[in-house]
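Have a look at this one before I ask anything.
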Amino acid sequence: MRVTWIGHSTVLVQTQGLNILTDPMWLERSSPVQFLGVKRVRQPGVRLVDLPKIDLILLSHDHRDHLDMRAMRKLWHRDKPLIVTGLGNDQILKRNGVHAEVRDWGGRVSLRPGIDVIVERAHHWSEYDPGDRDKTLWAGFTVTLPGGNLYFAGDTGPGDMRWATEARAAGPVRLAILPIGAYHFAGHETDNHIGPDQAVTAFEQLGAAYALGVHWGTFELTSEGINEPPDHLRAALAREHIAADRFRTPEAGEAWVIE
């Protein structure tokens with residue numbers, strides 16, 4: 001399994017002959033217009049044009065820092081990947097000529113024998129355009145794999161902190177992709193995102209062999225320092241006596257090979 005953090009929540013996972021991409025985002029700004037809005041401070045670790053042929057895209061929700069429609073259109077027309085997302089997001093994609101398979105939490109989409117995508121519960125919200133708040137479903141995902149599952153939490157707050165335990169029921173997790181950033185707003189914790197401490201709790205609940213920390217260092221969405229989350233993550237791992245090389249935050253574009 002070869003894992004490359006591209007930036008924010010965009011990750012390329014290469015395993016079992018598949019190229020899997022999460023929440024494609026290459027835009028310069030997290031905004032419907034590219035002359036206003038939150039600007040990217042870390043460039044994508046892999047250029048869109050340099051991606052290998054993509055077989056599967058996991059789209060967690062419709063927020064502008066996770067859904068880059070320009071990238072989705074290009075990847076759809078180039079590769080025709082299987083796109084799996086939560087209820088309602090297919091209509092946004094359809095307006096842009098992109099087809100997706102949608103499921104409610106607990107739904108399953110088969111990719112090939114032994115490899116399925118399960119749409120998992122998350123604690124978040126949605127809004128692509130003004131006035132459509134919570135009209136589409138936000139989700140995480142499990143990809144069942146012969147060598148151990150891939151779990152992608154998407155965007156999630158703590159909620160009841162049972163979503164990780166629920167995902168574990170699908171089988172052993174080889175790699176968990178967990179958000180660790182955008183957890184402070186004006187000095188207070190937000191309920192929409194988990195921080196490093198809660199990410200470590202989720203890692204333990206999943207029983208994952210390894211984890212990749214995402215949703216940090218790319219867009220300054222909240223008040224913690226842009227590069228602060230990895231430092232807090234290392235401290236949280238040390239407190240729980242978890243080896244730092246099991247839950248990593250590599251630089252954008254740096255490949256991590258999981259044996």
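The values are calculated or read from the model by the stated rules, or taken from the named source; none is laboratory data. Everything numeric in this text was worked out from a predicted model, so none of it was measured. Cβ sites come from the backbone with ideal geometry, for glycine too, and all protein chains shown count toward neighbours. The protein model used for the area step is the full one, side chains on, heavy atoms only, and it has no ligands, DNA or RNA in it. Shrake-Rupley method; radii C 1.70, N 1.55, O 1.52, S 1.80 Å.
Exactly one of (1) of a type outside the set (Gly, Ala, Ser); (2) in contact (Cβ under 8 Å) with a residue 60 or more places away in the chain; (3) under 17 Å from VAL11 (Cβ atoms) is unmet by TYR128. Its number?
For TYR128, the failing item is (3).
Check whether at least one residue in the stretch 103-117 is farther than 23 Å from GLY17 by Cβ and in contact with a helix residue (DSSP H, G or I) (Cβ under 8 Å, 6 or more places away or on another chain), and report yes or no.
Let us first name the residues in the stretch 103-117 that are farther than 23 Å from GLY17 by Cβ, namely 103-107.
Filter again for in contact with a helix residue (DSSP H, G or I) (Cβ under 8 Å, 6 or more places away or on another chain), leaving none.
Checked against the condition, which is being farther than 23 Å from GLY17 by Cβ and in contact with a helix residue (DSSP H, G or I) (Cβ under 8 Å, 6 or more places away or on another chain), the stretch 103-117 yields no hits at all.
Moving on. In a loop (DSSP other than H, G, I, E, B), at pLDDT below 95 and either over 25 Å from ARG246 (Cα atoms) or open to solvent by 70 Å² or more (accessible area, probe 1.4 Å) (or both) - does that describe any residue in the stretch 99-112? It would help to see each step written out before you state the result.
Residues of the stretch 99-112 in a loop (DSSP other than H, G, I, E, B): 99-100, 104-107.
Restricting the remaining residues to those that are at pLDDT below 95 gives none.
No, the conditions are met nowhere in the stretch 99-112.
Residue under question is THR222, and the condition is that it be more than 11 Å from PRO179 (Cα to Cα) and under 16 Å from the mean Cα position of the chain (by Cα); does it hold? First the steps, then the outcome.
On the way: more than 11 Å from PRO179 (Cα to Cα): yes; under 16 Å from the mean Cα position of the chain (by Cα): no.
The answer is no for THR222.
Test ASP79 against the criterion of being touching a residue at least 24 places away in the same chain (Cβ under 8 Å) and among the acidic types (Asp, Glu), and give yes or no.
Details: touching a residue at least 24 places away in the same chain (Cβ under 8 Å): yes; among the acidic types (Asp, Glu): yes.
Judged against the criteria, ASP79 is a match.
Okay, moving on. Search the stretch 82-95 for residues being open to solvent by less than 10 Å² (accessible area, probe 1.4 Å) and free of Cβ contacts under 8 Å to residues at least 40 places away in the same chain, and hand back the single one that is farthest from TRP125 (Cα to Cα).
ILE83
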